[in-house]
Structure formats: C-alpha cells, structure tokens
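The block underneath contains the structure these notes are about, expressed in structure tokens.
The values are calculated or read from the model by the stated rules, or taken from the named source; none is laboratory data. In this text, all values refer to a predicted model and were calculated from it rather than measured experimentally. Positions of Cβ are generated from backbone atoms using ideal geometry, with glycine treated the same way; all protein chains shown enter the neighbour counts.
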Amino acid sequence: MTNDNDRLVYVAALVLGALPLWVSAWLPMVDLPQHLYLISVLHRLDDPTTVYPELFAARHALTPYLGYYYLVSALNWLLPLEVANRVFLTAYVVGLPLSLGFLLRSLRRPTWPSLLAIPFAYGDSFGWGFVNYCAALPLTLACCGFFVRALEDVPRRRAWAAALAACLVAVLLFHVQAFGFLAFGLPWLLVTTVVPEDATAKGWAERLRPRGWALAGVVPGVALFLGWVVLRFGEPPDIQPGAPWKAWGPTFSPQNLAWKSFAQNRAELLDVLANTLRDGSDRWALYGVGAVALAAWAAGLARPGKAQGVGRVGAVRLVGLGALALALYFLLPFDIRGYVYYLNTRYAHLAAALLVATAPATVPALRRPLAWAAAACALVLAVTLSRGFRDFSREASEWRGLVAATPPRARVMGLVYDPGSRVVRFPVFIHTAAVLARERGGVPNFTFASTPHSPLRYRGQTPPTFPSEWRPQELDFQTQGAWYDTFVVRGAHPAQVFGARLQSEFAVVAQSGRSWLVRRR
C-alpha cells in the first residue's frame, strides 16, 4: 500500500473500525461501569462532595492494570470521563491493525492484511469489558516488531531495543496475560530470525553478540515482572473452597484450576471472535475477513511462480506466533481461581489476528483489490455494530431515569436478578449500581477496589455485601443490606424482594425500563 489512494483506503478502514465507539451514549461492555467508577474515584479521590475520600485510598503497589486507569484519568483532566474513555478505546481499535501492520513490515511482509484484524478488536473480550487486556494487544504486536528490528536493523539496534524496553514494560502495566504470550513469542522470534552477522559468525558467542541489544531490551520488563510475581504470589492465598472470586486451593492445584475440554474450546473458537449481538449480524464482518483471507491464500497457491520470494521466512515466523497464541487458547485453563479468569479464551483474538495476517498473496497486482476487500469488511463491521450499539444504548437509557432519582453520595446496592439485554448477548446490566454511584459520587456494593489488581483499596473494611454480585438472592438484609440507603432492582418486582419492608422501611422512588430504584425511608 504505497500510493495516496491506498493510504486513504487504509485510513478509511481505521475510521470505520472505530466508528461504533462513537455512535451511542452507552457501550455494551459488562465491566465498563466498574472501570469507569474506579477511574472516577482515582480522579476525584480528594473530592469532599463524594464519599471517595472517606472510603478509598490509593494502592501504592505495582499492579498490571495501572496503564489503563491512570491514562484515562489523565485524559479526564482534558475531557469528560466518557469521552476520555472512548478516545482510549479508539486508540486500541485503531492500534490493533496499525501495530500488526508494523509487525508485518518488520517481517518484510505486505501490510494490507493488517486491515483484516479490525473485527477482532471486538468480540468476547471487548463484550466482557476486559479493557486492560484488549489495550495490551497492540502493544504486544508492537513488541514483536521492535524485537525483530532490534535483531535485524544493524545501524539502529540500540534505538529499537530502547523502544522494545519501553513497550514491554507498558504491556505488563496493562495486562499480564499479554506479557505471558511474549514469554513464548519473543523466544520464537529469537531462534527463527537470521541476523546479518550470522553469515560470518563462528561459534555461539559470535552469534549471540549481535543479538545482545534485543535481549537487553527485554530485561526491564522481565525484571519488573519478576518483582510483581514476588509481591503477588508471595502473599498467602485467600483460600475459600467454593466461594466466588476466591482461591479454592493452592494456586496451581487441581481444585483451583477450571478447564474447558478441547472439544468445547474448538466449538467456541469462532463464537468468541464475534459474539456481541443477539441477531448474529456482527459475524458478517468475520465471514468477510475469512473470505478475503481464503481468497488471498488461494491466489498465492494458484500463482506461486508470480509471488515474490521476499517475506517467506517472515511468513513462517508469523505463522509460528499465531500457532503459539492458538496453543495457549487450547492448552491453558479457563480460570485460575482467585488470580485470573477467562484465561485461555482471551488468546483467541490474538491468534486470529496473527493468522489472518499470514495471507500469502504477495502478487503485486492483487494487493490493491485485496486491500479494498479488507476495507469493505471494516465497512460491514461499522454498519452492523453501530446499529447494534445504538439499539443497546436505547435499552440502557433506563439508567438515566435511575440516576436522576439517586441521591448524592448514595450507598447503592445492586440487586440485579436479570442482567441480560434484549440486544447483546452479554449480561451488561450486572453493574448498574456502579453507574448510579459514579454519577452521584456514591459507592456501589461491589467494586474492583476489593481486588489486588486495582489501583485503589478500601481504607477500612470492605462494604458488606453478598458473596457474589451475580447472586442477589443470597442477600441478608440484617447483616448486609443495613449499610445501604439506595437499592437498584432489576429482573424482579421490589415487592418480591423487600416483602413487607417495602411498606415500612423502604419506598420505590423510580421505575425506568426494567429497573426500579428503592430508597430507605
């Protein structure tokens, strides 16, 4: 993609890929209300008009989630929080194909297949609101590109190694799972990359010397990771067998690991790549990407004599990276209770992006039509997701009515018996209490401040609540509900939940959509 028209097509595809983030008031991401709540607290930790100063304190410790929270908090000084977050998400969606294009160029491959990765910015991890992991993916691909250049680009090895060092640290500060992939991906690139000095090198010492800058670029990130491991895993695990969000046994013991079978992972692979909308229309772009990639592979196989030889070694390295990500998807457990959840599933997006980028049609005459076809997939994605996100936003507008009836500094308990949506497949209403608490400077009954990866902690005891926000039926009004003055109920009538208390102790103050707001009299 060398001329102005090609660049224009590439830019247009990037804009289309990010468009769904800007067409609706609410984004269908399960954990997003929790993330925005923590960022709001972090940004207004000393605000006396909120409950934040009395309940929360900064957690002065290294955690892999610092990158997202502090970057969006910094943007919040310039932009409203919702806008700042969308700017961040836009950088992620645009950054995925751009970083893949950088890796492809580093491997001396055509860059047009990077457009095929745009739909993989969405899907399962996006729908669950795993923003930190998603944001680490472009940085992960960039690290691979920096590493290759620190090996091959002799005059600028030092500069590429410095970029690698900074990028690898950034990966860890966003999410440790992406860093885990690089623990396999960078050694693969190391052993499969031939450097110019290899032609005259004699012995291992002479072969290792030109690789020194690339290896040095890895050191800061590895040192930081080892320090985090000592801090994180040096703490005694909170073992509570059967309790949600707690370890059920020693970290890697059989009782603490939850696995999916190979057959289940195989059946779910394509589904997790595009599973946002209930009507399945978000899969159309995925089918388009598959068709374009197959066409490219078919063209490369049909005309092997016309294909350029440059980049074939790069294709092997790229296939290896994709295979490693796919192996992590199939071989890792689904959960390590108390530490990491949805572990193996998240690697599906990375594997898919790397594998479609191996499209071997390097015939110059085919690059432009294939690039246009890839951009057309981004158009299909923009149309379907924009429509779906707007439909969800209309459904989620019930939050506005609830916010208007929520008092300042409210202590909000979420009793969400039905977290589902009529538009999207994910339980996107589970954290409704966090939406109301953020808007009114209050506190919900569940926040990520109770988890060790949060940049915040509770000053004293964690507010009392039932063990899992997914099980409101386990609420004990006497020991857990007494701390709260406001309750949001969804999926059940308040009379079913509060019984006789609704006439004496509580009152319904608002109904909006499928939710009710109940306040203590």
Picking from GLU82, GLU54, which residue would you name as being out of contact with any helix residue (DSSP H, G or I) (no Cβ under 6 Å at 6 or more places or on another chain), more than 22 Å from CYS134 (Cα to Cα) and surrounded by fewer than 23 Cβ atoms within 10 Å (Cβ to Cβ)? GLU54
Tell me which of these LEU502 doesn't satisfy, since it passes every other one: (1) among the aliphatic types (A, V, I, L, M); (2) out of contact with any Phe, Trp or Tyr (no Cβ under 7 Å at 6 or more places or on another chain); (3) within 29 Å of VAL423 (Cα to Cα). (3)
Condition first: touching a residue at least 12 places away in the same chain (Cβ under 8 Å), crowded, with 18+ Cβ neighbours inside 10 Å and part of a helix (DSSP H, G or I). Can you find one or more residues in the stretch 333-346 that meet it? no
Between residues in the stretch 107-122 that are buried (at least 24 other Cβ atoms within 10 Å of the Cβ) and residues that are assigned to a loop (DSSP other than H, G, I, E, B), which pairs lie under 6 Å by C-beta distance while being six or more apart or on different chains? ARG109/GLY311; PRO110/THR362; TRP112/MET1; PRO113/ALA357; PRO113/ALA359
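Anything in the stretch 74-101 that is small (Gly, Ala, Ser) and more than 21 Å from ALA178 (Cβ to Cβ)? List them, or say none. Break it down into steps so the answer makes sense when it comes.
First, pick out the residues of the stretch 74-101 that are small (Gly, Ala, Ser): 74, 84, 91, 95, 99, 101.
Across the stretch 74-101, the qualifying residues are ALA74, ALA84.
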In the stretch 489-510, residue surrounded by the most Cβ atoms within 10 Å (Cβ to Cβ) [restricted to those that are closer than 17 Å to PRO407 by Cβ and touching a residue at least 60 places away in the same chain (Cβ under 8 Å)]: VAL489
Any hit, the stretch 72-94, residues being among the aliphatic types (A, V, I, L, M) and closer than 23 Å to LEU370 by Cβ: yes
Counting just the residues of the stretch 434-481 that are small (Gly, Ala, Ser) and assigned to a helix (DSSP H, G or I), which one comes out surrounded by the most Cβ atoms within 10 Å (Cβ to Cβ)? ALA437
Tally time: how many residues in the stretch 213-228 are touching a residue at least 60 places away in the same chain (Cβ under 8 Å) and surrounded by fewer than 17 Cβ atoms within 10 Å (Cβ to Cβ)? 1
Selection from the stretch 445-482 of residues over 28 Å from the mean Cα position of the chain (by Cα) and either β-branched (Val, Ile, Thr) or more than 28 Å from TYR69 (Cα to Cα) (or both) yields GLN473, GLU474, LEU475, ASP476, PHE477, GLN478, THR479, GLN480, GLY481, ALA482
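Rundown of residues vs (1) touching an Asp or Glu at 6+ places or on another chain (Cβ under 9 Å); (2) surrounded by fewer than 17 Cβ atoms within 10 Å (Cβ to Cβ), yes/no style:
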residue: LEU189; (1), (2): no, no
residue: THR193; (1), (2): yes, no
residue: PRO196; (1), (2): yes, yes
residue: GLY203; (1), (2): no, yes
With the condition being more than 17 Å from the chain's Cα centre (by Cα), I'd like the helices (runs of 4 or more DSSP H) fully within the stretch 62-162 carrying at least 3 qualifying residues. 66-75, 81-106, 131-152
Which condition number in (1) of a type outside the set (Gly, Ala, Ser); (2) buried (at least 19 other Cβ atoms within 10 Å of the Cβ); (3) in contact with a strand residue (DSSP E or B) (Cβ under 8 Å, 6 or more places away or on another chain) is the one that LEU21 fails? (3)
Go through the stretch 94-103 and count every residue that is surrounded by fewer than 24 Cβ atoms within 10 Å (Cβ to Cβ), in contact with a helix residue (DSSP H, G or I) (Cβ under 6 Å, 6 or more places away or on another chain) and among the hydrophobic types (A, V, I, L, M, F, W, C). 2
Search the stretch 482-516 for residues being in a strand (DSSP E or B) and among the aromatic types (Phe, Trp, Tyr), and hand back the single one that is nearest to HIS431 (Cα to Cα). PHE487
Which residues, taken from the stretch 163-204, are among the hydrophobic types (A, V, I, L, M, F, W, C) and either in contact with a His (Cβ under 7 Å, 6 or more places away or on another chain) or assigned to a loop (DSSP other than H, G, I, E, B) (or both)? VAL194, VAL195, ALA201
Sole miss for ASN265 among (1) over 20 Å from ARG317 (Cα atoms); (2) surrounded by 13 or more Cβ atoms within 10 Å (Cβ to Cβ); (3) in contact with a Leu (Cβ under 8 Å, 6 or more places away or on another chain) is condition (3)
Among the listed residues GLY441, GLY420, GLY388, GLY414, identify the single one that is modelled with pLDDT of 95 or more, at positive phi and of a type outside the set (D, E, K, R). GLY441
Test: residue in the stretch 1-18 that is among the aromatic types (Phe, Trp, Tyr), closer than 30 Å to LEU370 by Cβ, in contact (Cβ under 8 Å) with a residue 60 or more places away in the chain and surrounded by fewer than 20 Cβ atoms within 10 Å (Cβ to Cβ): no
